[in-house]
Amino acid sequence: MQRDPYDRRHLAIFKEKKEVGKDTYEFFFQMEDAFSYQPGQYVWLELLNADPAVPGGNRRAMSLASLPDGSGLLSMIFRIGKTAFKRLALELEPGAEVMIEGPFGSSFLFPDDEATPLVLIAGGVGVAPFIALMRAAIDSGSSRKITIICSDDSPERMPCHNDLRDVIKRSATITSHVFYRKLEKGDLGAVEDLSKALVYVAGPSGMVDYTVDLLRSIGVKDDQMRFEANYPSARHGSIGELIDAAYHRNPEWSPEYIFRAALEDSSNHSIITDTNGYIVFANRAARQITGYSFEEMKDRTPRLWGGLMSKEFYQDMWKKLAAGQIFHGEIVNRRKSGEPYYTLAHISPIFGPEGTVVGFIGTEEDVTMQKMAERELEEASRMESEFISIASHQLRTPMTAIKWVIERFTKKEQMSPKGKEYLNDIHTSVNSLTALVDLLLNVSRIEGGEVSISPQAMDVVGFLRSYFTECAPLCEKKNIKFTFTASDETIQAVTDTTALRNIIQSILSNAIEYTPQDGSITASIKKEKDTFLLTVQDTGIGIPPEEQGGIGQKFSRASNAKLIKADGTGLGVFIAYQAANLLGGRIWFESELGKGTTFFVRLPLRSEGKEGKKSLA
Amino acid sequence: MARKTKILLVEDDEILSKVIYEELEEAGFEVLPAYDGEEGLKSAQAHRPDLVLLDIMLPKKLGLDVLKELKESPATSGIPVIILTMLGKDADIKRGLRLGANDYIVKSQHAVGEIVDMVKDFFSKEQHPEAKHPHGKFFEAEDSASASDSGMMG
């Protein structure tokens, strides 16, 4: 019967156990069939006398201590412990059947390069694979430099003492250090050539974790370290080790199963080509999305469905790939049916053992839906902007009419004081409405990127003075002390008055709004080189630190501001930031909750004009 | 007694028109109202007013087209025109000024009384031609484009 190449289960018979150290035994098993194993690999030992209700409780990863040629006899070293597995192992009667699966893992093999010094660190029974590895190296005539460090609780417990002694005796280039205690920094630090050595660690998982931390603390890099493939933390797993670890969790997860899950069943489309771009593999998602069967793609290039991008795009792609780099890009392809689709592609070179590129793997994610959604969103946003623009334009006519009629009415009609008051209220409301419409209009213009900036020569100090005078009644109403100081009598600038007005209006109105009764607002302006710096400091409620990052974004309002004024738009500051940006300056602030906020506006003395469809309102 | 200064007011919104009409009349001007572009153009040709206040968004014929036709005809090209617009539609204003409008007024930015002041101001400046364009800076920066630009409207 032909064996499934992925089935690495072998039936074996337990022969006997010999005591090799205190509480430590070497177990011998007779394999039923041929078994190829290299020192450094490991096997799973499954005890068939276990209670099957305890899943995985009857399986352990083991290194082989010896594998005599041809005879199929092999041994593993056990230390007696409290676990059910070890108790069961001790209960094994000669002749009992066990299952041995493997071998797995190859990262623990010694490198071919003889020049690299090796440092082997074993905890307890972890010494067994090292002895097997060193024996194999000596047998092959190697004279590589090896330092083996063993640690265990006591000389009696130290397993394989004699085997270790024997190995050391046989090679002049192997030195050993044995500690009957936990390893310490100094023990490892004293090892010669540690910085250029490969460091192998084997032992119980706690010992391995502890040793890794020790090694790191003395500067040993992670990529210098090697572990038994079954190193349970899988902290340093190579692909083989990760596959083995998955297999350990569930024997159904064979390497083929993992490979299939990762590549074939992935929802991302994966294509492997040779160096000339000819397809050698395409996963199911790739076949589905392109609409081509593998037969149809075989020996073709991905141009079968691609080739729709510009020449420069493909040139750039190949340039990157030829340089051994990974290419990322959005690519439009065409299905066999002719329908286009969008993908986010990542193409990376596949390196052969010699480090040369032997092919390429491309994974592509179908982003057609996202692309469509993005477009819809853009369209919706454009429509929204347009809607706001039209709506606010149309709103202005009736608003202007109301204002003008009030003006005429006031002028022509005799009114009672109450009548005047009512009319005044209407006027105030229409003004707020106008301000709101202007705000919305400005947002839509800024977002449409169509704002024009028309800088004109002006005196900024005079402009601010007259603006502040207009706001004085608002400050008086709340008994806010307002002061304004200027570094110069006049500051001549070439700037856009509307944009500047938007900035100062937003900052000052917020300062007044969020400064409590009897507070103070201090504004100042000073000329600095080719800019002017405007500061507005208030004794207001401040902005909570965690919300400061959002200030300046559309609709962003601090939570404490909402408590004071529930129906603010959060648009004024956004416009101020954008307007400053348009003028080539910027806005920032410092704020302390409960103490106050200082806004800083730095603008160039000479702003660049900008052609756009519309100015700010 | 001197002839009253005649102003043609082309404005389609009846209330706005009425209010401006009353203010101007009280200020001593003779006002001819027109409510769409075609009516405005005909009235200008027939009455040769001293000034046209011309809205841009007009039914039947857009304000800029009215302006273009006025300026193209030797009979009406000399009549000064002030554009009335609702918001700072820069492109329209620039085009209007290029087409030969003397000035512009953004309605929503002013009280109606101010509009009358601006009109008065305009006539007083007419006496001093060197200060003809209060918004001169606005279009000096513009490269002079041909009148056919108005084809972009709409």
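Annotations for the structure displayed:
Residue-by-condition table, conditions (1) of a type outside the set (A, V, I, L, M); (2) within 14 Å of chain A (Cβ to nearest Cβ):
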{"residue": "B:18", "(1), (2)": "yes, yes"}
{"residue": "B:28", "(1), (2)": "yes, no"}
{"residue": "B:51", "(1), (2)": "no, no"}
{"residue": "B:59", "(1), (2)": "yes, yes"}
{"residue": "B:65", "(1), (2)": "yes, no"}
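- Looking at A:347, A:361, A:426, A:331, just one residue is of a type in the set (Val, Ile, Thr) and under 21 Å from residue B:15 (Cβ atoms), and that residue is A:426.
- Residues being surrounded by fewer than 16 Cβ atoms within 10 Å (Cβ to Cβ), modelled with pLDDT under 50 and of a type in the set (Gly, Ala, Ser) are entirely absent from the stretch B:120-127.
- Residues located in the stretch B:78-121, provided they are within 14 Å of chain A (Cβ to nearest Cβ) and outside any helix (DSSP H, G or I): B:84, B:85, B:86, B:87, B:88, B:89, B:104, B:105, B:106, B:110, B:111
- Some residue of the stretch B:13-29 being among the acidic types (Asp, Glu), touching a residue at least 60 places away in the same chain (Cβ under 8 Å) and either closer than 26 Å to residue A:450 by Cα or touching a strand residue (DSSP E or B) at 6+ places or on another chain (Cβ under 8 Å) (or both): no
- Looking across the stretch A:204-221, just one residue is modelled with pLDDT under 80 and either outside any helix (DSSP H, G or I) or within 18 Å of residue A:109 (Cα to Cα) (or both), and that is A:204.
- Scanning the stretch B:1-16 for residues that are more than 14 Å from every other protein chain (Cβ to nearest Cβ), buried (at least 23 other Cβ atoms within 10 Å of the Cβ) and in contact with a Pro (Cβ under 7 Å, 6 or more places away or on another chain) yields B:7, B:8.
- The listed residue being under 21 Å from residue A:370 (Cβ atoms) and either among the hydroxyl-bearing types (Ser, Thr, Tyr) or exposed (fewer than 13 other Cβ atoms within 10 Å of the Cβ) (or both), out of A:270, A:348, A:293, A:310: A:270
- Within the stretch A:359-398, the set of residues being over 29 Å from the mean Cα position of the chain (by Cα) and either among the acidic types (Asp, Glu) or assigned by TED's automatic domain parsing to the domain that holds residue A:274 (or both) comprises A:379, A:384, A:386.
- Residues that are away from chain B (no Cβ under 14 Å) and touching a Gly at 6+ places or on another chain (Cβ under 8 Å) are absent from the stretch A:464-475 altogether.
- Options A:381, A:389; residue that is touching a residue at least 24 places away in the same chain (Cβ under 8 Å), among the small types (Gly, Ala, Ser), within 14 Å of chain B (Cβ to nearest Cβ) and out of contact with any Pro (no Cβ under 9 Å at 6 or more places or on another chain): A:389
- Selected residue [over 19 Å from residue A:571 (Cβ atoms), more than 14 Å from chain B (Cβ to nearest Cβ) and touching a residue at least 40 places away in the same chain (Cβ under 8 Å)] from A:520, A:509: A:520
- Residue A:324 passes every criterion in (1) modelled with pLDDT under 90; (2) surrounded by 14 or more Cβ atoms within 10 Å (Cβ to Cβ) apart from (2).
- Against the list (1) modelled with pLDDT of 95 or more; (2) surrounded by fewer than 21 Cβ atoms within 10 Å (Cβ to Cβ), the condition residue B:90 fails is (1).
- The strands (runs of 3 or more DSSP E) falling completely within the stretch A:466-572 that include 3 or more residues that are surrounded by 15 or more Cβ atoms within 10 Å (Cβ to Cβ), in contact with a Lys or Arg (Cβ under 8 Å, 6 or more places away or on another chain) and at pLDDT 85 or above map to A:531-538.
- Scanning the stretch A:452-463 for residues that are within 13 Å of another protein chain (Cβ to nearest Cβ) and of a type in the set (A, V, I, L, M, F, W, C) yields a total of 3.
- Single residue of the stretch A:399-451 satisfying the filter (closer than 30 Å to residue A:381 by Cβ and within 8 Å of chain B (Cβ to nearest Cβ)) that is modelled with the lowest pLDDT: A:441
The values are calculated or read from the model by the stated rules, or taken from the named source; none is laboratory data. Everything numeric in this text was worked out from a predicted model, so none of it was measured. Methodologically, a virtual Cβ is constructed for each residue, glycine included, from the backbone with ideal geometry; neighbour enumeration extends over all protein chains shown.
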